[in-house]
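As structure tokens, the structure follows; a few thoughts come after it.
What follows is calculated from the coordinates using simple rules that are stated; it is not laboratory data. Because the structure is a prediction, the values reported are computed rather than measured. Don't worry about glycine lacking a Cβ; one is built from the backbone with ideal geometry, like all the others, and counts go over all protein chains shown.
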Number of protein chains: 2
Amino acid sequence: MTDTTAHTQNATRLIDSLVTAARAAQMVLGTSGFATRQLALREAAKLIRTHTADLLATNKEDLAAAVKTGLSDAFIDRLTLTESRIEDMAVGLETIATQPDPIGAELARWQRPNGLDITRQSTPLGIIGVIYESRPNVTIDAAGLCVLAGNAVILRGGSDSQHSSAFLADIMVRGLVAADLPPAAVQIVPTTDRDAVGAMLAAVGGIDVIIPRGGKSLVERIQREARVPVFAHLEGICHIYIDKYADLTKARTIAVNAKMRRTGICGAAETMLVHQDVAAEMLPTIAADLQKAGCQLRGDSAAKSLVPDMQLANDDDWHTEYLDAILSVRVVDSVDMAIDHIARYGSGHTESIITESDEAADAFLTRVDSAIVMLNASTQFADGSEFGMGAEIGIATGRLHARGPVGSAQLTSFKYVVRGDGQIRG
Amino acid sequence: MTDTTAHTQNATRLIDSLVTAARAAQMVLGTSGFATRQLALREAAKLIRTHTADLLATNKEDLAAAVKTGLSDAFIDRLTLTESRIEDMAVGLETIATQPDPIGAELARWQRPNGLDITRQSTPLGIIGVIYESRPNVTIDAAGLCVLAGNAVILRGGSDSQHSSAFLADIMVRGLVAADLPPAAVQIVPTTDRDAVGAMLAAVGGIDVIIPRGGKSLVERIQREARVPVFAHLEGICHIYIDKYADLTKARTIAVNAKMRRTGICGAAETMLVHQDVAAEMLPTIAADLQKAGCQLRGDSAAKSLVPDMQLANDDDWHTEYLDAILSVRVVDSVDMAIDHIARYGSGHTESIITESDEAADAFLTRVDSAIVMLNASTQFADGSEFGMGAEIGIATGRLHARGPVGSAQLTSFKYVVRGDGQIRG
């Protein structure tokens, strides 16, 4: 046996043991009362507050190591806990606990001519694996959403945030115990060994779904290697389309907000499409607003002819998620051409049309096949909290099971409950 | 390049070309009106009827080859078309067309404090691959359900039914054309080459979901090899549990029906659990009914002590889907033990409790984590038609996306439509 094989086998055994414990815990958690699950979250929120000082101290260990390793400022910012970020985690848990019970809900009910009464009822999904990077708060958000929906969670935090994440996972466990729920409903992988990630991705029949939270390279690896289903988005190449019937005031404020409010999030706009009939009137104004806000523009030749200080865009620009203060701009001849552009270059995340025309809005909202389609609103609303879900464990662009912001209601499955009175099939 | 590699590459190119055509067709089909999709199905139903004689003649070619190959009587029965089976296909399509529109439905709608109006709306799933064996009617059922929900379908029928299936696929195409819909929404893989199946299973990003219809070995291969998500059930080890508070009359009729109505279907019961407090009273009667109906019984020692002419069951029996006139029987000491038995040995398909006790029913229906849980009804109702779905493309036991009978409403995804009036995020 080579060392590599032994190593992989150890990782597989480790994940197997976590899965076995998770399965047993999930069976109890999944049939526990809603008030009990809410209590676990509220108790954990209290513990977060009472352990603020300890959390800050633990986080300092991770930060010191990160500085020593020479990690980037952006990375260190994501890793850093502050009193206010710690309070946000506690509030986040309390907000999740105010959501309606995601399980046991009657999704549909009907009767058959033979008297059978059929209910489609929401149930927990099972065991959820969450693989994330530097942000310690993902520990709390993910575990909170999973527990509320009766799911066990296996967390795999980044190696650079291991002390902070382990401390927070322990707080979630203590919340479970305070509510008399099984502690193994929240487990964190007790090693930073990368083979453990491979073992999670291969745990078909053990882990029901994997949710990655992190940069594109993490998501790419997971989508490529996973045998377990994955809820994820690889990138957010979000579009705003300024229609022929756009209101200029709305177009200006939405364009600036969609691009510049925060440029590093997946819901930030990356491409603006402008209808040719209003390009001359609107584009120079909108472009000036964006440039004033610090945005670099890269346009096709039609756009550049109207705003000469733009760079000329090339085909790569339409494919690029800048995650930066850069926007590509294209003039289109119709709503159809806008829809076609999005079908070709978009990533199925979020697109918004700015128009006062019902017809154009209907065409866009119906025919654009993205997780989120918007009318006269900023793409930066693509977020579970903004949708009223309390929080989100991520945003999915796949079309299977979960799509768009994934809150606790999406971390469920369903079953059919058929009630009869002795019916047999003829 | 080896021959094998060249072969695989050819298969990949073939499936790629079908996917490209399917994607373009799906974009048109997926935004077509409901009446148009209904018309395609009804036109195909008409064509089935007018081509009855041609269908029978084509089917004879497949049958002659099957006889020559020495295929089993059961196989030949599944392959055989008759006038009545042909009429059933036409009626099946018409029934599917009477279902409500699966796409564009408002699944949920709410308003946010900032005035954003959010709708969760059903959309087509995309491209569905169906891999099946001998039954030619799967061509019609699968294509009908897919088209109604705005999906393109790529069909891969069994090599022994290729002439019949290709003829039926062509009828579906002609139905599409009659409704002015793109013909590539229904395609059949034009080769019986097994590499084509491998290429379908590997078509990540091309085919959105694979649905296998056939025996356990087919489903096993597909679940093992597929990189594309799969809706399937490997087996149906269905249970009936005769509770302490069972009504004996219901228990007798349901037990016989659940096991013996048709023994070869996935919803047939394979194990009967009986509460110890009523075993002496009920088991001999129920066993006599079953034996009279031709069923062989295999019981644990407690069951055998009450019905001495039973065989003694071993641990394998609890794991076995007989698909035959055989039933395993176990005496349990409580509803909890019944639930534990099902969690350990069941396949997550369908289980039924026979009881007049609300408490026992609640425990069973809540805690048994199967796709379908029943109260006082035969497990043989596990079927899309019996559920009122018009037809089913299969039954899924996974917990992701589709679970239980998969009708056209389950062959959908959803998107969020967000309507604003100029909102930007703060």
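If you put a point 7 Å past Cα along the Cβ direction, how far is that point for A:Asn314 from the same point in each other copy, in nm, smallest first?
A:Asn314 label point versus its equivalents elsewhere: 7.0 nm.
For chain B, take the longest principal axis of its alpha carbons; what is the angle in degrees between that and the long axis of helix B:162-178, to the nearest 10 within 0 to 90?
60 degrees
Inside 10 Å of the C-beta atoms of B:361-373, what's the mean count of C-beta atoms belonging to other chains?
Taking all residues of B:361-373 together, the mean is 4.
Per 20 Å bin, what is the whole-percent P(r) computed from every C-alpha pair distance within the protein assembly as shown?
In order of increasing distance, the bins hold 14, 43, 35, 8, 0 percent.
Could you list log10 I(q)/I(0) for region B:238-386 at q = 0.09, 0.16 Å⁻¹, which the Debye formula gives when each Cα is one point scatterer?
-0.22, -0.73
Just from its helices, what would the mean residue ellipticity at 222 nm be for chain B, if runs of 4 or more DSSP H residues each count -39500 (n - 2.57) and the sum is divided by every residue, rounded to the nearest 500 deg cm²/dmol?
-14000 deg cm²/dmol
Give the residue list of trypsin sites (Lys or Arg not before Pro) in region A:18-83 that are DSSP loop and have at most 10 other beta-carbon atoms within 10 angstrom.
The qualifying sites: there are none.
So what is the orientation-averaged projected area of region A:312-426, using the convex hull of its C-alpha atoms, in nm²?
12.3 nm²
Cα axis of helix B:34-50 to longest principal axis of chain B: angle in degrees, 0 to 90, nearest 10?
Between the helix axis and the principal axis of chain B, the angle is about 80 degrees.
Taking each label point as 7 Å beyond Cα in the direction of the beta carbon, state the distances from A:Lys216 to the same residue in the other copies, shortest first, in nm.
In ascending order, 4.7 nm.
Based on the alpha carbon coordinates of region B:121-180, what radius of gyration and maximum Cα-Cα distance (Dmax) apply, in Å?
Expressed in Å, the Cα Rg and Dmax of region B:121-180 come to 11.8, 41.
Only Lys, Arg, Asp and Glu count, each charged at its Cβ (+1, +1, -1, -1), so figure out the dipole size of the protein assembly as shown about its Cα centre, rounded to 20 debye.
My answer is approximately 120 debye.
Near the amide H of B:Ser385, under 5 Å away, which other amide H atoms are found, from residues 5 or more places off or on another chain, if H is placed in the peptide plane?
Amide H neighbours of B:Ser385: B:Glu392.
Sum up the charges of everything whose Cβ sits under 12 Å from the Cβ of B:Ser347, counting Lys and Arg as +1 and Asp and Glu as -1, but leave B:Ser347 out.
Net local charge, B:Ser347 excluded: -3.
Find the chain A residue whose Cβ sits closest to the rotation axis that carries A onto B, and give that distance in whole Å.
Per the A/B rotation axis, the closest residue of A reads A:His401, 2.
Tally Lys/Arg at +1 and Asp/Glu at -1 over every other residue whose Cβ is under 12 Å from the Cβ of A:Gln99; what's the total?
-2
In debye, nearest 20, what is the charge dipole magnitude of chain A about its Cα centre with +1 on Lys and Arg Cβ and -1 on Asp and Glu Cβ, if you could check?
Approximately 1260 debye in magnitude.
Determine the dipole magnitude for region A:238-386: charges of +1 sit on the beta-carbon of Lys and Arg, -1 on that of Asp and Glu, nothing else is charged, the reference point is the Cα centre, and the result goes in debye to the nearest 20.
Here the size comes out at about 500 debye.
Angle check, please: helix A:358-367 long axis (alpha carbons) against the longest principal axis of chain A (alpha carbons), in degrees 0 to 90, nearest 10.
For helix A:358-367, the angle is close to 50 degrees.
Just how far, in whole angstrom, is region A:399-423 from region B:330-357 if you go by their alpha carbon centroids?
If we compute the Cα centre of each part, the gap is 21 Å.
Enumerate the amide H contacts of A:Cys238 below 5 Å, restricted to partners 5 or more residues apart or on another chain; note that Pro and chain-start residues carry no placed amide H.
Those lying under 5 Å, H to H, from A:Cys238 are A:Glu270, A:Thr271.
Considering every residue in B:395-407, what mean count of other chain Cβ atoms within 10 Å of its Cβ is obtained?
4
If I take every Cα pair under 8 Å that is 6 or more residues apart in chain B, average their sequence separation and divide by the length, what percent do I get for the relative contact order?
This gives 18 percent for chain B.
Got a sec to turn the phi values of region B:339-356 into Karplus ³J(HN,Hα) couplings, 6.51 cos²θ - 1.76 cosθ + 1.60 with θ = phi - 60°, whole Hz, x for Gly and Pro?
5, 5, 4, 5, 4, 7, 10, x, 10, x, 8, 8, 9, 10, 9, 10, 7, 9
Please average, across the residues of B:244-252, the number of beta carbons from any other chain that are within 10 Å of each residue's own beta carbon, and give a whole number.
Counting other chains' Cβ atoms within 10 Å and averaging over B:244-252 gives 1.
Let me check against my output: what whole-number percent is the relative contact order of region B:222-321, with C-alpha pairs under 8 Å and at least 6 apart?
The normalised contact order for region B:222-321 reaches 27 percent.
What do you get when you divide the Cα radius of gyration of region A:129-265 by 2.2 N^0.38 Å, with N the number of residues?
Against the empirical 2.2 N^0.38 Å value, I get 1.32 for region A:129-265.
Projecting each Cα onto the charge dipole of the protein assembly as shown (Lys/Arg +1, Asp/Glu -1 at the beta carbon, about the Cα centre), which of B:Ala97, A:Ser347, B:Ala40 comes out farthest on the positive side?
Of the candidates, A:Ser347 comes out farthest on the positive side.
What is the Rg over Rh value, at two decimals, for chain A, using alpha-carbon atoms and the Kirkwood definition of Rh?
In chain A, Rg relative to Rh is 1.03.
Note down the relative contact order for region B:238-386 as a percent, whole number, built from C-alpha pairs under 8 angstrom at least six residues apart.
Relative CO of region B:238-386 lands at 33 percent.
Most mobile of A:Thr397, A:Thr31, A:Thr350 per a Gaussian network model of chain A (Cα springs, under 10 Å)?
Among A:Thr397, A:Thr31, A:Thr350, the largest GNM mean-square fluctuation belongs to A:Thr31.
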